[in-house]
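Scroll down for the structure; my scribbles are underneath it.
The values are calculated or read from the model by the stated rules, or taken from the named source; none is laboratory data. Predicted model only: the values in this text are computed from it and were never measured. Here Cβ is always computed from backbone atoms with ideal geometry, including for glycine, and neighbour counts include all displayed protein chains.
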Amino acid sequence: MTDQEFHELLSGVQKPGRYCGGEPGSVVKEKEQVEVRFAFCFPDTYEVGMSHLGIKILYGLMNRLDYAWCERVFAPAEDLETQLRARGLPLFALESRDPVKEFDFVGFTLQYELSYTNILNMLDLAQIPIYSRDRGEDDPIVVAGGPCACNGEPLADFIDIFCLGEGEEMNVDLLECYRRCKRQGMSRREFLREAAKIGGLYVPSFYRVSYGADKTIDRVEHDEAVPATVQKRIVRDLDTMYYPEAFPVPFIEIIHDRAVAEIFRGCIRGCRFCQAGFLYRPVREKSPAVIDRQAKMLCEATGYDEISLSSLSTSDYTKLPELLESMLQWTDRDKINISLPSLRIDNFPQDLIQKIQSVRQSGLTFAPEAGTQRMRDVINKNITEEDILGSCVKAFRNGRTSVKLYFMIGLPTETMEDVEGIAILAQKIVDAFYALPERPKGKGVQVSVSVSSFVPKPFTPFQWEPQDTMEQLRRKQEYLLSCVHSKKIRVSYHDPATSFLEGVLARGDRRLCDVIFAAWKRGCKFDSWSEYFHPELWQEAFEECGIDPAFYANRKREFSEILPWDGIDYGVSKQFFVRENERAHQNMTTPNCRQQCTGCGAASLCKEACSHA
Amino acid sequence: MRDVRIWFEKRGETRYISHLDLNRFMLRALRRTRLPIWYTEGYNPHPYLSFALPLSLGFESVCESVDLRILDESCTNEQVLERFSAVMPRGIRVTAVTDPVMKQKEIAMADYLVSFPLREEDTDTVWNFVSGEHIPARKSTKKGEEKQINLKEHLHGVRLEREGENALLSLRLDAGCVVNINPMLLLDAIREQTGIDCSGASVLRKQMLNAEGKEFR
């Protein structure tokens, strides 16, 4: 594409800065001098994708290899897509503007299920055959990683290789294998066979699934050359692990525009609804000295004035005071703000944060997740009403007048009393504010309650639970609203139709591939954006394929059923999930990993891990 | 403490960065240089940065400048140039660092080079229009309304040349904080009055001048 053609393509397009590349930190190489070209495709817009930490890590990781060049591709907004199609121009990568179909690899990150139609749309825009079986020797190898890869079955017909777990070593192994095979002149199939030998790589075309009369999975057969179960890859030592020293810094405004320092992986808490906490086990921390050094280098290289400490539960990082103390030596001097998202209510380091001016406290946000103690015990979110009220009161004393709380409805064993509990708790917080003699004068309090609908996920103790139907969810939302009697409480909730679709795809199997294709063919894309979501088109797609979506979302599964993700091993054992599910149904809690090891199985992946200390 | 003026070109893909984005970009670039600069006082201190004149999204320029205040007087203009050049992306090239001569508010005019595909046979029509006494155009006012103006009053020089398939229109228009005329207004007027479509036009700002026609330095 010439500059003039590019200019014409972008004239009339909103936010052309999304597509122009050339950002500080972006990597441009000579394409004749590299052997392997990788197109990292984030299945959402530039603003969303550039906020993601994973792409920054993998971009830097692969570009460090002198024989490889990794470029970025984001889903074009509707106006650019219209232009591309009208002009017959294929989807291109940001750095070189070369067509994505010319690359060796096209890699997608599976961040959330409602991005699946975007994946198909991007493949189509790239002019790459959507179904793997239709791809030829010259087509790129399509790979996918990220959290939803733990159950990639609904995309099994479209993805050549799933990358399970952490990519810092696995991606390099994949690229090196490809380079070797390419030099030896191997065919596509031969390369895939070689790739399947690498730990963490799951090649779905070597596995065949058959179904029984009751429509559940009967068995899975596989080629001799591949293992029955594929285990995820992890990095054992986070201190010596690759971490980027710079990332491309966007020109335009994006969702999260700041430097990010990863502080640990996994989570000790074992909340039963939370997939991430289990997927990233065993818990491994980075040492404060390493984090401090990496964070400082990043801020210097990018020029960002804010750095976020990223993890699943930052207040659980064992050396938080020490880390903050080291960082403050240069953040205060350079006027850089430290952002601490993901703090728990029961060990919220309020006093620590008060002392630190550079720690920006934007809003006060807590996630009690459930309104009654019984319900919190069922989901193993081990916080009490005392913890919640106590933290809010402390915040009010410090001058805060607003608080945001996250809850879920549709949790297993939930009753209307539990739903009402959310309103009662919110009211108690309002009352606590007004009972304080030393509360901020002249201002009222604002308690925002955000209620999402629970979606049972694979690799959690709730993976066998039926999701509430859309009707049940709507009734609970209405009931909750009717229980709220104060103008100081603002309730927001999500359309149950999106939660339902998420529920179907999250625990789906290969029979959903044709459904996703049919939905995309009818024009579905950007399903997570309310302006673009068309549940009626999805309904048509399900009907066309003869699939009942409730089979995946609303059915209670037996422990004996073969699940679509049974061939994947993320460390935590099925027996552990069964035990936890049973305890949930008895309203029993489980201590966190530091209090007592409950034998989840993740330690088998890495004996040095697990914060027993 | 002293003021310096950083001169730069904004070309290639960086034409797609809006002025607001450019401001944010400069703030970060400044941090990367690690130069000791003066911060504004008040509740939300930020580096003092003042651009000479905003550039519309999509336009290129070879005459942009931004003023800032260096705290360390021993730091030379050459050193500032070096540090800035090291942290710029490929589309933005720092051409000079000088002591400011004129004040930014003295800017009164700007020269633009506009190129667009134009058929040979349409050249005369366009020339007759842009060199005429009356060039009706519509401009939005600050209140969001539209008013009719005669662009001739704001046009201080015009030349039309051809290069292959394209017309090259050189314009000197009123610019600055009092009256600012966007060259696209002229292109819109051409389309409206003659029917000739100038879409796909590229605009390059070549220099800025004060009311006497002296180059802004």
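Some notes on this structure:
- Among residues of the stretch B:35-50, those that are touching a residue at least 40 places away in the same chain (Cβ under 8 Å) and within 19 Å of the chain's Cα centre (by Cα), counted: 1
- Matching residues, the stretch B:39-57, being away from chain A (no Cβ under 11 Å), part of a loop (DSSP other than H, G, I, E, B) and either buried (at least 16 other Cβ atoms within 10 Å of the Cβ) or touching a helix residue (DSSP H, G or I) at 6+ places or on another chain (Cβ under 9 Å) (or both): B:A52, B:L53, B:P54, B:L55, B:S56
- Residue match in the stretch B:90-102 (condition: in contact with a Phe, Trp or Tyr (Cβ under 8 Å, 6 or more places away or on another chain) and under 27 Å from B:G200 (Cα atoms)): yes
- For the stretch B:60-75, the candidate set comprises residues that are modelled with pLDDT of 90 or more and surrounded by fewer than 18 Cβ atoms within 10 Å (Cβ to Cβ); within that set, the residue that is nearest to B:A201 (Cα to Cα) is B:V62.
- Tally, over the stretch B:58-103, of residues that are assigned to a loop (DSSP other than H, G, I, E, B) and within 14 Å of chain A (Cβ to nearest Cβ): 7
- So A:Y46, is it on the phi < 0 side of the Ramachandran plot, modelled with pLDDT of 95 or more, buried (at least 21 other Cβ atoms within 10 Å of the Cβ) and touching a Pro at 6+ places or on another chain (Cβ under 9 Å): yes
- Complete set of residues in the stretch A:79-123 that are free of Cβ contacts under 8 Å to residues at least 60 places away in the same chain, within 18 Å of A:R522 (Cα to Cα) and under 26 Å from the mean Cα position of the chain (by Cα): A:E81, A:L123
- Screening B:V179, B:V158, B:V203 for residues that are in contact (Cβ under 8 Å) with a residue 12 or more places away in the chain and within 14 Å of another protein chain (Cβ to nearest Cβ) leaves exactly one candidate, B:V203.
- Boolean, A:G12 is under 23 Å from A:T240 (Cα atoms), within 14 Å of chain B (Cβ to nearest Cβ) and assigned to a loop (DSSP other than H, G, I, E, B): no
- Single residue of B:R24, B:R28, B:R32, B:R11 found to be within 12 Å of chain A (Cβ to nearest Cβ), within 22 Å of A:P16 (Cα to Cα), over 21 Å from the mean Cα position of the chain (by Cα) and not acidic (D, E): B:R28
Residues are listed down the side, and each one gets a yes or a no for (1) among the charged types (D, E, K, R); (2) more than 30 Å from A:Q231 (Cα to Cα); (3) in contact with a strand residue (DSSP E or B) (Cβ under 7 Å, 6 or more places away or on another chain):
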residue: A:L298; (1), (2), (3): no, yes, yes
residue: A:S311; (1), (2), (3): no, no, yes
residue: A:Y317; (1), (2), (3): no, no, yes
residue: A:L328; (1), (2), (3): no, yes, no
residue: A:T331; (1), (2), (3): no, yes, yes
residue: A:P349; (1), (2), (3): no, yes, no
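- In the stretch A:238-267, the residues that are farther than 12 Å from A:I57 by Cβ and within 14 Å of chain B (Cβ to nearest Cβ) form Cβ pairs under 7 Å with partners that are of a type in the set (A, V, I, L, M, F, W, C) and assigned to a loop (DSSP other than H, G, I, E, B), at six or more places apart or across chains, as follows: A:P250/A:M50; A:F251/B:I17; A:I254/A:M50.
- Residue within the stretch A:374-384 that is within 30 Å of B:F84 (Cα to Cα) and in contact (Cβ under 8 Å) with a residue 24 or more places away in the chain present: no
- Where a residue in the stretch A:24-46 is within 14 Å of chain B (Cβ to nearest Cβ) and its partner, wherever it lies, is surrounded by fewer than 16 Cβ atoms within 10 Å (Cβ to Cβ), with Cβ under 8 Å and at least six apart: A:V28/B:R90
- One residue from A:S402, A:S448, A:S452 being farther than 19 Å from A:E478 by Cα and either acidic (D, E) or touching a strand residue (DSSP E or B) at 6+ places or on another chain (Cβ under 6 Å) (or both): A:S402
- The set of residues in the stretch A:206-219 that are surrounded by fewer than 18 Cβ atoms within 10 Å (Cβ to Cβ) and either touching a helix residue (DSSP H, G or I) at 6+ places or on another chain (Cβ under 8 Å) or closer than 10 Å to A:I161 by Cβ (or both) comprises A:F206, A:Y211, A:K215.
- Whichever residue in the stretch A:434-467 is touching a residue at least 60 places away in the same chain (Cβ under 8 Å) and over 19 Å from the mean Cα position of the chain (by Cα) and, among such residues, is surrounded by the fewest Cβ atoms within 10 Å (Cβ to Cβ): A:P466
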